[in-house]
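Trainee: The structure under discussion is supplied below as structure tokens; questions concerning it will follow.
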Amino acid sequence: MGGAERNARKKKQQQQAAKSVAAARGSSGGDRKKILIGVAVVAALAAALIAGVVLNQPSTPEALTPAADLKSLTVPVQRQDDATVLVGKDTAKVTVDVYEDFLCPICGTFEEKYGTQLRDHVEAGDLKIRYHVLPLLVRLSDPEGYSRDSANAAVCAADAGKFPEFHDTLYAKQPEEGSAGYTKAQLAQLGTDLGITGDTFKSCVETGTYDQALDADLDKADATPHLQAERSDGSKGFRGTPAVAVGDQLISLDNENWISDLLKA
């Protein structure tokens, strides 16, 4: 229901309630009692309608400011030919592919559980992480598009040397699935707050520079055998986020020791 329609309907209800009150004041006995009951019903219906409108509004996420206790990495961060971002030292013996969506709540849980371990091992030079920030849940924000906008902004931040800080903040301040998400203006401002200067980053965010590359990455994941799962219709496609792989081996996240097991191997 649009705002104008809601306002018109609310005004009409208020007018009806006012007429009923006036009639009640001019009546007596049983008639007045009947009218007052009618007023109560109208008021209850109006309250229910207003409550429904409020409850159905998409929730607004908290302010998008840099997460507390951010730790910058001193290792190389580079965007690769597509929209993936490689973080870590060239001498690291293990490269982990991490597939995420900034709107995905389970990805938020993954980062909360394993993010510090991964950063520590990256900083120590034990492993590199290739991040695939995928626009998988584009339709699950209101308005649609936060999944892609946030992924694009993170890749833009990689070009500016601030991917780890941007990435960690988006998860620390992750909006709820189905919420409004953050706007492009807020994403651009986050970059500024993290120390990105100049107009290149802002333009990259606002114009969706990497949108097509991100869609291509999602198509690639959808067609990669070790990342696939069977769908209800019998076809196969990307199993969803989060997903972790080393080479063509999918890592089971049911094993809570998967990081240490990788490094031992």
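Trainee: Of the residues V96, V75, which single one is among the aliphatic types (A, V, I, L, M) and over 26 Å from D193 (Cα atoms)?
Mentor: Exactly one residue qualifies, and that residue is V96.
Trainee: I want to confirm something. Restricting to region 70-111 and keeping residues that are of a type outside the set (S, T, N, Q) and part of a helix (DSSP H, G or I), which single residue is surrounded by the most Cβ atoms within 10 Å (Cβ to Cβ)?
Mentor: Only one residue tops the list, namely C107.
Trainee: Still on this structure, I have one more. Tell me, please, whether a residue that is closer than 24 Å to V75 by Cβ, open to solvent by 20 Å² or more (accessible area, probe 1.4 Å), without any contact (Cβ under 8 Å) to a residue 12 or more places away in the chain and not in a strand (DSSP E or B) can be found in region 207-222.
Mentor: no
Trainee: Give me the residue from region 167-206 that is charged (D, E, K, R) and part of a loop (DSSP other than H, G, I, E, B) and, out of that set, nearest to R119 (Cα to Cα).
Mentor: K173
Trainee: Another one. Within region 223-238, track down each residue that is part of a helix (DSSP H, G or I) and surrounded by 17 or more Cβ atoms within 10 Å (Cβ to Cβ).
Mentor: L227
Trainee: Still on this structure: Part of a strand (DSSP E or B), at pLDDT 95 or above and surrounded by fewer than 16 Cβ atoms within 10 Å (Cβ to Cβ) - does that describe any residue in region 247-265?
Mentor: yes
Trainee: Looking at region 81-100 only, could you name the residues that are under 18 Å from V244 (Cβ atoms) and modelled with pLDDT under 95?
Mentor: Residue satisfying the conditions is K93 alone.
Trainee: Check T241, T183 and return the single one that is buried (at least 21 other Cβ atoms within 10 Å of the Cβ), under 16 Å from the mean Cα position of the chain (by Cα) and modelled with pLDDT of 95 or more.
Mentor: Working: T183 fails: buried (at least 21 other Cβ atoms within 10 Å of the Cβ).
From the options T241, T183, the qualifying one is T241.
Trainee: Here is a follow-up. Inside region 111-153, can you point out the residues that are of a type in the set (G, A, S) and within 19 Å of the chain's Cα centre (by Cα)?
Mentor: Kept after step one, since they are of a type in the set (G, A, S), are these residues of region 111-153: 115, 124-125, 141, 145, 147, 150-151, 153.
Across region 111-153, the qualifying residues are G115, S141, G145, S147, S150, A151, A153.
The values are calculated or read from the model by the stated rules, or taken from the named source; none is laboratory data. These numbers were taken from a predicted model, which means no experiment stands behind them. Counting neighbours? That spans all protein chains shown, and the Cβs are built from the backbone with ideal geometry, glycine included. Surface accessibility is based on the protein's heavy atoms, side chains included, excluding ligands, DNA and RNA. Shrake-Rupley method; radii C 1.70, N 1.55, O 1.52, S 1.80 Å.
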